[in-house]
Amino acid sequence: MIHLRPHHLLCLLTYVGKGYSPTFVENYDRIVARLNDGEEIEITDGPDDICAPIACDMSEHCHGASVISRDALAARDVGRILAMEIAPGTRTQLSPETITRLRAAFTSNEIRDACTGCDWEALCTQIAAKGYVATRVFPSVG
């Protein structure tokens, strides 16, 4: 079981192997491999499996008001697109079809409210504009 906070459902869409540190990227790549193999996810409140390598270094960030707000916005928007509640304890699996739907909504800015002010927003916008080429979660053939 992979534990993810809601806004990471958006981050996964544009993940190309960049991150806060080499340890963070290595961990993220392991999680992506598990997702691509169909492992179930559970939505969590607060730091998750992606945050794990940096949680101690960024504990204030991971529990900060801006990140909590990001989670709420992402849960609302992703839940609307997937027609399901995204809340702590929700379990689901991601599929190539689900990722395609979310990427289409991301590209059209339907699910980007949570991204406002994020340090990675410009990079993710570029990746979406280029058709998600080189993304690692159910890679786009772009």
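Using a Gaussian network model of the chain in which every pair of alpha carbons under 10 angstrom is joined by a spring, one finds that among 40, 26, 97 the greatest mean-square fluctuation is at 97. Residue by residue, segment 112-129 carries 3J(HN,Hα) couplings of 9, 4, 5, 7, 4, x, 6, 4, 9, 4, 5, 4, 4, 4, 5, 5, 5, 4 Hz when phi is fed to the Karplus relation 6.51 cos²θ - 1.76 cosθ + 1.60 (θ = phi - 60°); x denotes Gly or Pro. Taking 35, 82, 102 as the candidate residues, the one with maximal mean-square fluctuation in a Gaussian network model of the chain, Cα springs under 10 Å, is 82. I'd like the FRET efficiency for residue 133 and residue 80, computed as 1/(1 + (r/R0)^6) with the beta carbon distance as r and R0 of 35 Å, rounded to 0.05. The value I calculate is 0.85. A crude spin-label estimate for the pair residue 66 and residue 87, with each label 7 Å from Cα along the Cβ direction, gives 2.8 nm. Taking the average, over residues, of other Cβ atoms within 10 Å as the packing measure, peptides 5-15, 123-133 rank 5-15, 123-133 from highest down. Across 95, 21, 69, mean-square fluctuation computed from a Gaussian network of the chain (C-alpha pairs under 10 Å connected) peaks at 21.
Bear in mind that the values in this text are calculations on the coordinates, not laboratory data. Note that the coordinates shown come from a computational prediction; the quantities given were computed from them, not determined experimentally. Don't worry about glycine lacking a Cβ; one is built from the backbone with ideal geometry, like all the others, and counts go over all protein chains shown.
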